[in-house]
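Please read the structure below before turning to the comments.
The values are calculated or read from the model by the stated rules, or taken from the named source; none is laboratory data. What you see is a predicted model; the values in this text were computed from it and never measured. All Cβ positions, even for glycine, are placed from backbone atoms using ideal geometry, and neighbour counts span all protein chains on display.
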Amino acid sequence: ELANRMAERVADVVKALMQNGMMVTQNQSIDADTAELIIEEFGHRVQRVSDADVEQVIDMVQDDPGKLKPRPPVITVMGHVDHGKTSILDAIRNAKVVAGEAGGITQHIGAYQVTTDSGQLLTFLDTPGHAAFTSMRSRGAQVTDIVVLVVAADDAVMPQTVEAINHAKAAKVPMIVAINKCDKPSANPDKVRTDLLQHEIIVEKLSGDVLDVEVSALTGKGLDDLLENIALQAELLDIQANPDRSAVGAVIEAQLDVGRGPVATVLVQNGTLRQGDIFVVGEQWGKVRALINDQGERVKEAGPSVPVEVLGLNGTPEAGDVMNVVETEAQAREIAEYRHQAAKDKRAAAGAATTLEQLLAKAKADEDVVELPILVKADVQGSSEAIVQAMEKIGNDEVRVRVLHAGVGAITESDIGLAEASNAPVFGFNVRANASARNTANQKGVEIRYYSVIYDLVDDVKAAASGLLSNEI
Ligand code: GDP
């Protein structure tokens, strides 16, 4: 594809890559930095995708109100530790999820759906707690319509209860209070109700407008009542989506599965996700190979508020990443690449700032020599030694380069670990980082720089050491 876009011969591009030490076949993916190198080598101009391009490809149009249809509400359970969040989620699931036809094994995929006695479908997020809720929000995915605040009747409003209240308020999500453990002799539901007054939560029983239900996850008492109250609250909210458009969703959880590759549970927020759809999700992209519902069954499509496991990703996204279905694979790949690069640049800049700050702070603190820590990996011992010698000559009374580690071979994860711990950049001389090292470096904001000319490397480090510390290093 790169050859295609440059209007060059594939064989020539592969050859150029090999000359740069990358043994690739023509269908192999290469990272943006390498592509840029090759493009320049061929004398072409690099044009990376911009935010505006991304927005154009991703269908941002407002839905025609006439096409909106009601969708199930999405519920997150929050509250203080040990007040019974997990127990309530499990009790609801066990009581309400009719085991699927395919063997009747319910799967924990991060979310599940239940039907209330009055026939209303509800979607529960299976990861309780406000950490998940907040991290999803911080990544731009507001998936929750209703928060169930769990407070144990034998305890009271506790620090994390207050946090949960604040999170729900910040997200402007309505709350329903589940007063749990009401089976206990020591239970005092009214204390919970009055406690909540201090946090401006006035429950129905005290003539307020926040629904409150007494429940016991242990005996199951009150759980149906809780579900009906959720359904009631949902009706008031008038929750809608347009099932007849390309899908938009949010990643609830994702992992790399040994047998199945990267797997993500996606909650469809709008539109309908179908097998064969091409999508971009955060910095990853893919084509839906299979969709699996919360009962372990393969399904052909998933509409609004339906959680499904998605197979067919090219990498593992993060919880809270937004999924958008796009037209072509080229678009999906381009957007994913663009985001990946943008995120990398941002992390590198952030990492650099800390390093510089820390160096200066250290210098001021002990009025000592400032050390610029670096890691070096080279293709052969001779180069590695030459680089170390050159590095040791750099510096003056104030700044000194300190080679933390110099070795031969590809840049590995353990190099990245060391670099991260010391806030050092990693220099690769005629070697590259392997895939896992690249991923870790991206995650940790460790900068990797590649060189094939020793003088270039030395010049960059000199520039950094001589107080010209640009944001590059
Ligand atoms: P979480 O930390 O909020 O998820 O709380 P858990 O669901 O793990 O529950 C904490 C403890 O409280 C566990 O030992 C549960 O068995 C117990 N528990 C939860 N709900 C009830 C309940 O309704 N009644 C009683 N008696 N114990 C409960």
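Do the conditions hold for G261, that is, is it of a type in the set (G, A, S) and more than 15 Å from V325 (Cα to Cα)? It is true that G261 is of a type in the set (G, A, S) and more than 15 Å from V325 (Cα to Cα).
Counting only residues that are within 14 Å of the ligand (Cβ to nearest atom) and within 17 Å of T116 (Cα to Cα), segment 206-224 holds 7 of them.
Kindly indicate whether Q389 is of a type outside the set (K, R) and at pLDDT 85 or above.
Values: of a type outside the set (K, R): yes; at pLDDT 85 or above: yes.
Answer is yes for this residue.
Restricting attention to segment 145-156, the residues that are in a loop (DSSP other than H, G, I, E, B) and either crowded, with 24+ Cβ neighbours inside 10 Å or within 13 Å of the ligand (Cβ to nearest atom) (or both) total 3. Scoring M175 on the criteria (1) over 18 Å from P128 (Cα atoms); (2) more than 10 Å from the ligand (Cβ to nearest atom) leaves a single failure, condition (1). Scanning segment 172-224 for residues that are hydrophobic (A, V, I, L, M, F, W, C) and surrounded by fewer than 17 Cβ atoms within 10 Å (Cβ to Cβ) yields L197, I202, L206, L218.
Scanning segment 196-216 for residues being more than 20 Å from E228 (Cβ to Cβ) and out of contact with any strand residue (DSSP E or B) (no Cβ under 8 Å at 6 or more places or on another chain) gives a total of 6. Just one of the listed residues (G428, G407) is within 34 Å of the chain's Cα centre (by Cα) and surrounded by fewer than 20 Cβ atoms within 10 Å (Cβ to Cβ), namely G407. Counted as qualifying within segment 206-293 are the strands (runs of 3 or more DSSP E) with 2 or more residues that are within 31 Å of the chain's Cα centre (by Cα) and more than 17 Å from I58 (Cα to Cα), namely 248-257, 261-270, 284-292. Restricting attention to segment 184-199 and to residues that are away from the ligand (no atom under 15 Å from the Cβ), over 33 Å from the mean Cα position of the chain (by Cα) and closer than 29 Å to Q142 by Cβ, the residue that is modelled with the lowest pLDDT turns out to be Q198.
Screening S414 on (1) touching a strand residue (DSSP E or B) at 6+ places or on another chain (Cβ under 8 Å); (2) surrounded by fewer than 16 Cβ atoms within 10 Å (Cβ to Cβ) shows it passes everything except condition (1).
Of everything listed in (1) basic (K, R); (2) within 16 Å of the ligand (Cβ to nearest atom); (3) under 23 Å from the mean Cα position of the chain (by Cα), the single unmet condition for K181 is (3). Of all residues in segment 158-200, those satisfying the criterion of being in a loop (DSSP other than H, G, I, E, B) and more than 18 Å from T76 (Cα to Cα) are M158, K181, C182, D183, K184, P185, S186, A187, N188, Q198, H199, E200. Those residues that are at pLDDT below 85 and closer than 23 Å to G409 by Cβ, I need them from segment 1-33; list them, please. Within segment 1-33, N20, G21, M22, M23, V24, T25, Q28, S29, I30, D31, D33 qualify.
May I ask you to list the residues in segment 325-339 that are outside any helix (DSSP H, G or I) and touching a helix residue (DSSP H, G or I) at 6+ places or on another chain (Cβ under 8 Å)? Passing the criteria: V326, E327. In this structure, is E36 surrounded by fewer than 17 Cβ atoms within 10 Å (Cβ to Cβ), at pLDDT below 90, within 29 Å of the chain's Cα centre (by Cα) and within 22 Å of L267 (Cα to Cα)? The answer is no for E36.
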